[in-house]
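Participant: Here it is, the structure in full.
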Amino acid sequence: MTFNSQVSALIRIVSVLAAAGLFVSPLLAQSVPERPLPNYPHTRASDLIEEHFGEKIADPFRWLENDVRTDQEVRDWVNRENALSSSYLSRLPGRAILAGRIKDLSKFERYGTPRKAGKYYFYLHNDGSQNQSVLTVREGLEEQPRIVIDPNGWAKDGATALAEWAPSDDGRWVAFAVQDGGTDWRTLKVVNVATGEIAEDEIKWVKFSSLAWKADGSGFFYSRFPEPEAGGTYQSINLNQAVFFHTLGTQQAEDTKIYDTPERPRLRHSAQVTDDGRYLLITTADGTDQRYELTVAKVDNGPLKLRTLVKGLENNWALAGSVGPRFYFLTDKDAPRGKLVTLNVERRSKAPVEIVRQSPDTLVGASLVGERMILAYLGDAKSEAELRTLDGRLLGPITLPAIGSAAGFGGKGGDSETFYTFSSYAIPPTVYRFDTNTGKADLFARPKVSFHPADYVTEQRFYTSKDGTRIPMFLVRRKDSLASGPVPTLLYGYGGFNISVVPSFDAPKLAWLEQGGALAVANLRGGGEYGASWHNEGRLQAKQNVFDDFIAAGEYLIAEGITSKDKLAIEGRSNGGLLVGAVVNQRPDLFTAALPAVGVMDMLRFNQFTSGRFWIDDYGDPAKEPDFRILRSYSPYHNVTSGRDYPAILVTTADTDDRVVPGHSFKYVAALQAADIGNKPHLIRIETRAGHGSGKPIDKIVAESADMYAFIAKWTGLSIKAP
């Protein structure tokens, strides 16, 4: 019997609570023997039961969905849980050593990928000691950089961040977004690049927005939602997003609404302006799938005359660039792994013309730079890139340093200069300048680090999932640990939303590797590593494939002697937190420790909050019976099963997470602590003044990561030693 499956599930929960001395119910007609448990705080269990498609579902901890900012009972519960986890985590062996080393490994000079505007080069920079990166500009590559925006003084706790930003075409202005405390909400402002003065312009209630300047620099296009009702800022469902135009020097109330769909309030809209400034392109989506409608208009001195370019919400259409009315798009129409096409936006009856056909690798990016087209691919989840003419003729590959990921390659027609950033598990982000005329790459910025990248080996392996599908996995280890037999291993996964998990640098994980642990990253179905078909094989009715893939990864690591059951820990964030919660329920015997972070844990109510409704594309709709049956079968909150020994679990979330609201994690932990699942700790760490992850200051990242990896080090047997 599983948690919450029927009315008797509620009785069993109450029974468990009573056994722990936390709850006494007159419903109980039998006594339950006491069992040793961590001294978990009391969590009130209600008698809430709802019927869904003939099945009675108990939800005793729904009150924990309430906003921690306004509900005193929830706030008190959070404080008690944090007090318990803080007491436990602070005493873990090696925790202070890990914190110090993660801090040291994070202290390297970091550069973002430059963007060119007029004669200016803009990029993010962090000297290695700053909580937040600053926006920097150079007037020409050889000139000295100067700071344009420094967010480090915006909040005493460092939790207010510079989010999205975009320079005007001439580089005179930068529109930028302020993100406070990790929320997805943004406030837009404008800075004068020459003087550093912040203009009076201020725009609120912006979320999931691009910033697109009009070519003359008179203002910019952006997207926002209506102001939420009182008390609903961090939990209300986001509906009725619209595209607006803001004229510099005016009030938000004067902004012009450009495009909205009140008859379809669920749709999201994002605006961009072509490099030549002649056209506005609005991309519309219903959920998280890359299935778009396109709306286009000429941008001149008259009113915008919008017309539909692509209708139907059926395929991906990503603009790669334009030459007059000839637009270049990356699309998956009749090409699951992507192809490049052109479309003349002034000839309405003309169909797209294929320029570069689908290849065995997955086309993930395309950009027109100068008189060339750069195409970025994933080949077995590793970055590859090539240079082509505008008619699609191959000029040759762009050589990348190693197994890793490359990002950037932005630019404009007529200017052959672009930049890209390369990184891998033991290679921090390194920036290169690339010329599409010569095909030559020059180093722009390489950080100095306090470790030796050559000490680590990254290899790619393939293993077989339950249904015979071949799954790739990256395996990273210190060279001197290769022959040491089974070692404590961290297995990481995501598996959803067409997101590809590619090699990237992460200081906390490097600290784990330094101590002799191994890192395995599985490229599960549901991601975008092999195009649309790979995504489809891990969503909706096929979601169980993702869990099977992850379980098979653990079994492979054990079978190959890389690790053992008592040395294997797992980690996932967001959709990956759901992954960890689901596989722990299904195979608690396979892992010794688990780190589900900011996870989607209640699959029957995820669409009731903020942006959760967008996730129906990947998960299905709980209001539809076929989807409900599948969601119910793996929902982490509803499938905690008593009578089995669970791994040690440390759940992490944050009070300002308004993407995956923290109530998911609160309810899940309450269910874990109420169930009879063994004597290993099942704790939750709730960060304050933080959100889903973006904008989190370095000091909070260090503290959270040290807690997480000291926790799994204890339970996998990794001995942490001072460097």
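The values are calculated or read from the model by the stated rules, or taken from the named source; none is laboratory data. Note that the structure is a prediction, hence the values are computed from the model and not measured. All Cβ positions, even for glycine, are placed from backbone atoms using ideal geometry, and neighbour counts span all protein chains on display. Keep in mind that these areas ignore ligands, DNA and RNA; they rest on the heavy atoms of the full protein, side chains included. Shrake-Rupley method; radii C 1.70, N 1.55, O 1.52, S 1.80 Å.
Participant: Provide the packing ranking of 680-686, 117-123, 544-550, 451-457, i.e. peptides ordered by the mean count of other C-beta atoms within 10 Å per residue, highest first.
Facilitator: 544-550, 680-686, 117-123, 451-457
Participant: Kindly provide the trypsin sites (Lys or Arg not before Pro) of segment 603-642 that DSSP labels as loop, not H, G, I, E or B, and whose Cβ sees at most 13 other Cβ atoms within 10 Å.
Facilitator: Lys624
Participant: For Phe444, what residues show an amide H to amide H distance below 5 Å, using hydrogens built from the backbone and excluding near sequence neighbours?
Facilitator: For Phe444, whose amide H was placed from the backbone, the distant partners under 5 Å are Val431, Tyr432, Arg433.
Participant: Of the labelled options (1) 9; (2) 35; (3) 13, which one gives percent of Cα pairs over 53 Å apart as computed for this structure?
Facilitator: (1)
Participant: Could I ask something else about it? How many nm separate the modelled label positions at Arg644 and Phe462, each set 7 Å beyond the Cα in the direction of the Cβ?
Facilitator: 3.1 nm
Participant: Sticking with this structure for a sec: For Glu687, list long-range residues whose amide hydrogen, built 1.01 Å from N in the peptide plane, is under 5 Å from its own amide hydrogen.
Facilitator: For Glu687, the qualifying residues are Thr653, Ala654, Asp655.
Participant: What does the charge add up to near Pro114, with Lys and Arg as +1, Asp and Glu as -1, over the other residues with Cβ less than 10 Å from its Cβ?
Facilitator: Net charge in that neighbourhood comes out at +3.
Participant: From the residues Leu387, Asn192, Ile147, which one has its Cα farthest along the dipole of the chain in the positive direction, the dipole being from +1 and -1 charges on Cβ of Lys/Arg and Asp/Glu about the Cα centre?
Facilitator: Leu387
Participant: Classify segment 153-271 from the C-alpha gyration tensor, please: rounded if a/c falls under 1.5, else prolate or oblate depending on whether a/b exceeds b/c.
Facilitator: oblate
Participant: Next question, about the same structure. How much accessible area per residue does the chain have, in Å², with a 1.4 Å probe?
Facilitator: 39 Å²
Participant: Take the Cβ-Cβ distance between Ala351 and Asn301 as r, set R0 to 41 Å, and report the resulting FRET efficiency rounded to the nearest 0.05.
Facilitator: Efficiency, rounded to the nearest 0.05: 0.80.
Participant: Same structure, new question: Quick one: what are the phi-derived ³J(HN,Hα) couplings along segment 444-456, Karplus 6.51/-1.76/1.60 with θ = phi - 60°, whole Hz, x for glycine and proline?
Facilitator: So the J values, rounded to whole Hz, are 9, 7, 10, x, 8, 10, 9, 8, 10, x, 5, 6, 10.
Participant: Once you keep just the Cα pairs under 8 angstrom separated by 6 or more residues, what percentage relative contact order results for the chain?
Facilitator: 13 percent
Participant: Another one. Quick query: amide H of Thr187 versus all other amide H atoms, modeled in the peptide plane; which residues come in under 5 Å with a sequence gap of 5 or more or a different chain?
Facilitator: Correct list: Val178.
Participant: Once each part is reduced to its C-alpha centroid, what is the distance from segment 326-359 to segment 600-673 in angstrom?
Facilitator: When both Cα centres are located, 39 Å separates them.
Participant: Karplus couplings for segment 621-630 from phi (6.51 cos²θ - 1.76 cosθ + 1.60, θ = phi - 60°), rounded to Hz, Gly and Pro as x?
Facilitator: Using θ = phi - 60°, the values come out as 9, x, 7, 10, 4, x, 5, 4, 4, 5 Hz.
Participant: Related question: Report the FRET efficiency, 1/(1 + (r/R0)^6), for Asp47 and Asp71, where r is their Cβ-Cβ distance and R0 is 25 Å, rounded to 0.05.
Facilitator: Efficiency, rounded to the nearest 0.05: 0.85.
Participant: So, taking all protein chains as they sit and a 1.4 Å probe, how much accessible area belongs to Met708, in Å² rounded to tens?
Facilitator: 10 Å²
Participant: So between Thr250 and Ala454, what do we pick up on full extension, going 0.36 nm a residue minus the alpha carbon distance?
Facilitator: Separation in residues times 0.36 nm, less the Cα-Cα distance, equals 68.0 nm.
Participant: Sticking with this one: Quick check on segment 320-391: take the gyration tensor over C-alpha atoms, sort the square-rooted eigenvalues as a ≥ b ≥ c, and tell me if it's rounded (a/c under 1.5), prolate or oblate.
Facilitator: Oblate, because a/c is 1.5 or more while a/b does not exceed b/c.
Participant: Place a point 7 Å from the Cα of Ala230 along the Cα-to-Cβ direction; which residues of segment 656-685 have their backbone N under 15 Å from it?
Facilitator: Inside the label zone: nothing.
Participant: Another question, then. Quickly rank 352-361, 172-181 as a protection proxy: mean count of other C-beta atoms within 10 Å, highest first.
Facilitator: Top of the packing list down: 172-181, 352-361.
Participant: Continuing with the same structure: Can you tell me how much longer the chain between Ser484 and Ala96 gets when fully stretched, taken as 0.36 nm per residue apart minus their C-alpha distance, in nm with one decimal?
Facilitator: Using 0.36 nm per residue and subtracting the Cα-Cα distance, I get 137.1 nm.
Participant: Let me ask something else about it. Going by the alpha-carbon gyration tensor, a ≥ b ≥ c the square roots of its eigenvalues, is segment 446-565 rounded (a/c under 1.5) or, if a/c is not under 1.5, prolate (a/b greater than b/c) versus oblate?
Facilitator: In terms of gyration-tensor shape, oblate.
Participant: When the accessible area of the chain is computed with all protein chains present and a 1.4 Å probe, what percentage of it is carbon and sulfur?
Facilitator: About 48 percent, which is the carbon plus sulfur part of the accessible surface.
Participant: Suppose every Lys and Arg Cβ carries +1 and every Asp and Glu Cβ carries -1, with no other charges. What dipole size does segment 623-712 come out with about its Cα centre, to the nearest 20 debye?
Facilitator: Around 180 debye, computed over segment 623-712.
Participant: From the phi angles alone, apply the Karplus equation (6.51, -1.76, 1.60; θ = phi - 60°) to segment 509-524 and give each ³J(HN,Hα) in whole Hz, x where the residue is Gly or Pro.
Facilitator: 5, 5, 4, 4, 5, 4, 7, x, x, 9, 10, 10, 10, 9, 8, 6
Participant: Between Lys56 and Trp154, what length comes free when the chain is fully extended (0.36 nm per residue of separation minus the Cα-Cα distance, one decimal in nm)?
Facilitator: 30.3 nm
Participant: Can you give the FRET efficiency for Ser633 and Asn192, using 1/(1 + (r/R0)^6), R0 = 51 Å, r = Cβ-Cβ distance, to the nearest 0.05?
Facilitator: 0.35
Participant: Using label points projected 7 Å from each Cα along Cα→Cβ, tell me how many nm separate Lys257 and Glu109, to one decimal.
Facilitator: 5.0 nm
Participant: Quick check for me: using +1 on Lys/Arg Cβ and -1 on Asp/Glu Cβ, what's the dipole size of segment 390-548 about its Cα centre, in debye to the nearest 20?
Facilitator: Once rounded to the nearest 20, the dipole reads 180 debye.
Participant: Averaging sequence separations of C-alpha pairs under 8 Å and six or more residues apart, then dividing by the length of segment 585-652, give the relative contact order as a whole percent.
Facilitator: For segment 585-652, the relative contact order is 53 percent.
Participant: Given a cut-off of under 8 Å on Cα pairs at least six residues apart, what relative contact order in percent is computed for segment 370-409?
Facilitator: The normalised contact order for segment 370-409 reaches 33 percent.
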